[in-house]
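Notes follow once the structure below has been shown.
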Amino acid sequence: MKTIITTLALLFVTALSAQNFTGKAIYKTSKKSNIKFGEGQEGISDKMQEELQKRIQKMNQKTFILNFDKTTSVYKEEEKLEAPITKPGSSGINVISLGGSGSTDVYYKNIKQKKFANKTEIMGKAFLVKDKLKEYDWELSSETKNIGKYTCYKATFTKEVENTNMRIANGETKETTTKETIVTTAWYTTQIAISNGPKDYQGLPGLILEINDGTNMIVCTEIILNPENAVTIEEPTKGKVVSLKKFTKIKKEKNDELMEKMKSRKGMDLGNGINIKMGG
């Protein structure tokens, strides 16, 4: 009973000051890779495979910032200077990203109006994806843990997805698609009583501080409430306006087109002196 009263008191205090309430949350992301290079190919050792996986993992470790008020937010990657281009290591392996890094993406949410606007791009072409916020079928739990100074509660949701595994070996790309059940676990805190979180996640009775779907991990490392230099939250406006369904279709078509080009040429010239070779 004491816990319930304390939680209600926190919610009440937050509600009183919500009119001018703003905040900034910093998240660290990581992602497991399911891409294998040169599997079974002569000259590609286990050590080289391990180095490639480490480089891909490092590419997927990023920092994002969520600026929010009581009903809106903007989520984007932290701005930083690009690392200088270095020569290949002793293994002669370079990892090159084929698509955009997402560093220019801006994900805007309006919780009250249940809508989002995502400024993004595909192969250099700007899009503005505008649609309704996704409704998550959250299952709440009484299980708790601390993230920093915040007490967090566990919530989960389950969905069926198609998982595509890609292998590049002997100049050939092989893809296998399987269906699997993914359980996504969120940890949220009612000490910050806004129904928001990183990326497209929202819909819980508190700010989401951690998300884990088994492949992608997002963890909040710092929260600043009512910062002195609060960022003005604005909906992005640039880019070709499309629905989420339309954007997903365009993205798949472009990915399929790129893979077909790579398969037919056993590689691809990206220009600017950059060549991707498959095998050999």
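The values are calculated or read from the model by the stated rules, or taken from the named source; none is laboratory data. All of these numbers come straight from a predicted model, not from anything done at the bench. When we count neighbours, we look across all protein chains shown, and the Cβ atoms used for this are built from the backbone with ideal geometry, even at glycine. Quick note on the areas: whole protein, heavy atoms, side chains included, nothing else; ligands and nucleic acids left out. Shrake-Rupley method; radii C 1.70, N 1.55, O 1.52, S 1.80 Å.
Kindly indicate whether any position in region 189-205 is farther than 26 Å from Leu244 by Cα and assigned to a strand (DSSP E or B). Scanning region 189-205 turns up at least one residue that is farther than 26 Å from Leu244 by Cα and assigned to a strand (DSSP E or B). Taking first residues from region 227-246 that are touching a residue at least 24 places away in the same chain (Cβ under 8 Å) and more than 23 Å from Asp131 (Cβ to Cβ) and partners that are basic (Lys, Arg) and open to solvent by less than 90 Å² (accessible area, probe 1.4 Å), the Cβ contacts under 6 Å between residues at least 6 apart in sequence or on separate chains come to Pro227/Lys24.
The single condition from (1) at pLDDT 95 or above; (2) over 27 Å from Val74 (Cβ atoms) that Thr156 fails is (2).
Among the residues of region 96-117, those identified as modelled with pLDDT of 95 or more and part of a loop (DSSP other than H, G, I, E, B) are Ile111, Lys112, Gln113, Lys114.
If only residues of region 236-270 that are loosely packed, with under 11 Cβ neighbours inside 10 Å and farther than 17 Å from Lys125 by Cα are counted, the one that is modelled with the highest pLDDT is Lys245. The C-beta contact set for region 116-142 (first residue touching a residue at least 24 places away in the same chain (Cβ under 8 Å) and farther than 23 Å from Ile250 by Cα, second residue assigned to a strand (DSSP E or B) and β-branched (Val, Ile, Thr), distance under 6 angstrom, 6+ apart or interchain) is empty.
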